[in-house]
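Below is one structure, written out as structure tokens; the observations come after it.
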Amino acid sequence: QVQLVESGGGLVQPGGSLRLSCAASGSISSINVMGWYRQAPGNQRDLVARITSGGNTKYADSVKGRFTISRDNAKNVVQLQMNSLKAEDTTVYYCFAVNRGMQDWGQGTQVTVSS
């Protein structure tokens, strides 16, 4: 099992930036994919961005050109740089990691975009 600890959420004005970080520990030797989902109350959890151990990335259409995912394999940390934030980006963001076919989740971090 992998433990994931997120940080970096908070309140930001529209057009502003935030950077989310997620540190993995535990059974990390076989982590392949890491990334972020987000989920608003009453909605399904949707993929925001993910990155493989080889550096291949995928983004939701709604965040392309605004968000950038990066990963430090040596430190087992994945980061999400979020620029040009919009009100509709407001929700809880969850880090995830896929390790030997098993998906683990962080506790979630709130991002609020409001003036």
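The values are calculated or read from the model by the stated rules, or taken from the named source; none is laboratory data. Computed from a predicted model, the values in this text were never measured in an experiment. Glycine also receives a Cβ, built like all others from the backbone with ideal geometry; neighbour counts cover every protein chain displayed. Just the protein is used for accessible areas: all its heavy atoms, side chains included, with ligands, DNA and RNA removed. Shrake-Rupley method; radii C 1.70, N 1.55, O 1.52, S 1.80 Å.
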| field | Hits among lysines - C-alpha to C-alpha of Lys75 under 29 Å, sequence gap 8 or more where chains match | value | Lys58, Lys64
| request: Taking the Cα centre of the chain as origin, work out the dipole magnitude from +1 charges on Lys and Arg Cβ and -1 charges on Asp and Glu Cβ, in debye rounded to 20. | output: 200 debye
| field | Highest-first arrangement of 100-112, 17-29, where packing means the average Cβ count within 10 Å | value | 17-29, 100-112
| Rounded to a whole number, what % of the accessible area of the chain do carbon and sulfur atoms account for, probe 1.4 Å? | 45 percent
| request: Report relative contact order for region 57-115 in percent, whole number only (criteria: Cα-Cα under 8 Å, sequence separation at least 6). | output: 25 percent
| said: How much accessible area per residue does the chain have, counting only protein heavy atoms and a probe of 1.4 Å, in square angstrom? | reply: 52 Å²
| With Cβ to Cβ distances under 14 Å as the rule, what net charge do the other residues near Asp89 carry (K, R +1; D, E -1)? | +2
| task | Let me know the shape class of the chain, please: from the alpha-carbon gyration tensor, a ≥ b ≥ c as square roots of the eigenvalues, rounded when a/c is under 1.5, otherwise prolate if a/b is greater than b/c, or oblate. | result | prolate
| Nonlocal amide H pairs with Val2, under 5 Å, H built at 1.01 Å | Ser27
